[in-house]
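Below is one structure, written out as structure tokens; comments come after it.
The values are calculated or read from the model by the stated rules, or taken from the named source; none is laboratory data. Keep in mind that what you see is a predicted model, and the values were worked out from it rather than measured. Glycine also receives a Cβ, built like all others from the backbone with ideal geometry; neighbour counts cover every protein chain displayed. In case anyone asks, the SASA skips ligands and DNA or RNA and just uses the protein heavy atoms, side chains included. Shrake-Rupley method; radii C 1.70, N 1.55, O 1.52, S 1.80 Å.
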Amino acid sequence: MFKISQASVAFAEIDQLPDDDFNTLDKELRNLTQRTSIAPRERDGRADLFDEAGVCALRLVHIAKRFGFDRFQLDRLARFLLSADTLPGRYRSFEGGRRALSVIEEAIERTREGEVFDLSLVMYRDGTIAVRAGWADTTTPEAEEMLAALEAASGKRLIDAAFVLPVSRLIAEVLGKLPKAI
């Protein structure tokens, strides 16, 4: 588990941030955790603790914030990253069952396996916004049929704009800078 201050140090090192700007970065990250769905996993006294997935999600959301996304879009991105309802999705087994990995957990796993991929926020012609993970899926024929049926039911929507995050690189940078978990 990691404190926001540890995430701030890691992000500052990656971005080669001058020491004078560190307090601003730390404050921005704390603000993002209060205004988006990126919630701490535990507490240590007064300090919030985040797992690797939370810190990596925070990095992606912080970059989108710096790019100019509004609060609504930032929260949509955070919710997508922390959701586990994607098709086909990966699972983690445990005694007595299994659970779906969140998008960010799956992204961390894929990054550790050496896969290179992006994540995009896309705006369709009708103004709706969606988030897409750009990894190469080994989908089952059933999942392909389900996706094709969903697309056919909604009609072929044209994408007018996209914001792309090189997620595998960004996650690898964060994981390389985080200290050993407390």
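Filtered by the rule that a residue be more than 15 Å from the chain's Cα centre (by Cα) and either surrounded by 23 or more Cβ atoms within 10 Å (Cβ to Cβ) or of a type in the set (Gly, Ala, Ser) (or both), segment 54-75 gives a lone residue, Gly68.
Of all residues in segment 116-131, those satisfying the criterion of being in contact (Cβ under 8 Å) with a residue 24 or more places away in the chain, among the aliphatic types (A, V, I, L, M) and either open to solvent by 20 Å² or more (accessible area, probe 1.4 Å) or within 13 Å of Ala53 (Cβ to Cβ) (or both) are Val116, Met123, Ile129, Val131. Counting only residues that are at pLDDT below 70 and open to solvent by 50 Å² or more (accessible area, probe 1.4 Å), segment 149-182 holds 9 of them.
Out of everything in segment 1-21 that is assigned to a loop (DSSP other than H, G, I, E, B) and farther than 21 Å from Ala64 by Cβ, what residue ends up being most open to solvent (accessible area, probe 1.4 Å)?
My answer is Pro18.
Taking segment 22-115 and the strands (runs of 3 or more DSSP E) fully enclosed by it, the elements with 1 or more residues that are more than 23 Å from Ser168 (Cβ to Cβ), touching a Lys or Arg at 6+ places or on another chain (Cβ under 7 Å) and free of Cβ contacts under 8 Å to residues at least 60 places away in the same chain are at 47-50, 97-100.
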